[in-house]
Amino acid sequence: ETYHHGPAFAPFHPSVIARLDSQDTQRERSDKLRVLVAFGTGDPGGLTHAALSALVETQEHWESVTVVVQPDQQDSDFNSLTASLKCPVEVVSAPSDRMGELMDQTGLALVSGGVTAYEASALGVPSIVLCQNQRELSRMEQFERTGSVLLLGSGAMVTQEQLVRSLTRLANDQALWKRMSLAGRQISDGRGVERISQIVMDLFGKQGAPAL
């Protein structure tokens, strides 16, 4: 129940960590946003399809859409939805070692409450969050209080109307987008692995060197 429980110990992908040090200036947004859809390896709640359906309905706002998804999830419904998007669509196999690169190109992310939500916040990417389980929901409530995400709750309970409304709001409200981007960068520094390593080293130090 404590897995990835707090921002202090979230281990980021190396491709994301490599970009944190170069984030010296505020992220800028274009009139039309590039969207990243990434609901984790396996997407147990089947949230990718719901997100794509909402993106199709609001598609006049999007410059491009990138979907991180496993190959076995790319069924006929998935292909129909991506084909319905009139903007460029890139499909990336999950898990991806390109998350840092993809987020560099992202103006808005649709994610669940795992590490990707932490990484998006650290890089100043405003996110709409649909949680896969209660544990994710509990920790994303912390992020919601900071203002870095729009938390819609449990993905199984979210309606397309709610998704469309949230997408439209972030696409049209540039001031909100800017506040969310700034808030995310202030609460997450990407040093989780260093803190985890220090805890392990401290434990070994207390136990003493192993006998040979």
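Is there a quick way to get the dipole size of the range 73-212? I mean about its Cα centre, with the Cβ of Lys and Arg at +1 and of Asp and Glu at -1; what is the value in debye to the nearest 20? Please list the in-between numbers first.
Values: 13 positive and 15 negative charges, 91 e Å.
Dipole of the range 73-212, to the nearest 20 debye: 440 debye.
How large is the Kirkwood hydrodynamic radius of the chain, counting all unique pairs of alpha carbons, in Å? If you can, show how the numbers build up before the last one.
Details: mean 1/r = 0.0567 Å⁻¹.
Evaluated on the chain, it is 17.6 Å.
Keeping the other protein chains in place, figure out the carbon and sulfur percent of the accessible area of the chain, with a 1.4 Å probe.
Details: 5410 of 10480 Å².
Carbon and sulfur atoms account for 52 percent of the accessible area of the chain.
Fully extended, how many nm does the chain gain between Ser93 and Thr159 (0.36 nm per residue separation, minus their Cα-Cα distance)? The partial results should precede the final answer.
Details: separation 66, 0.36 × 66 = 23.76 nm, distance 2.62 nm.
Computed gain between Ser93 and Thr159 is 21.1 nm.
Using alpha carbon centroids, what distance separates the range 57-72 and the range 107-142, in Å?
17 Å
Name the residue farthest towards the positive end of the dipole of the range 9-93 from the options Ser30, Ser84, Leu55, assuming +1 on Cβ of Lys and Arg, -1 on Cβ of Asp and Glu, about the Cα centre.
Farthest towards the positive end: Ser30.
Can you tell me the accessible area per residue over the chain, all protein chains present, probe 1.4 angstrom, in square angstrom? Before the final figure, lay out each step's value.
Working: 10480 Å² over 212 residues.
Result: 49 Å² per residue.
Hey, what did the range 111-212 get for relative contact order, percent, Cα under 8 Å, at least 6 apart?
Values: 119 pairs, mean separation 31.8, N = 102.
Relative contact order comes out at 31 percent.
Once every DSSP H run of n ≥ 4 in the chain is given -39500 (n - 2.57) and the sum is divided by its residues, what mean residue ellipticity at 222 nm do you get, rounded to the nearest 500 deg cm²/dmol? Walk me through the intermediate numbers first.
Details: 9 runs with 97 residues, N = 212.
-14000 deg cm²/dmol, from helical runs alone.
The values are calculated or read from the model by the stated rules, or taken from the named source; none is laboratory data. Keep in mind that this is a model prediction, so the values were computed, not measured. We place every Cβ from the backbone using ideal geometry, glycine too, and count neighbours over all the protein chains shown. These area figures cover heavy atoms from the full protein model, side chains too; ligands, DNA and RNA do not enter into them. Shrake-Rupley method; radii C 1.70, N 1.55, O 1.52, S 1.80 Å.
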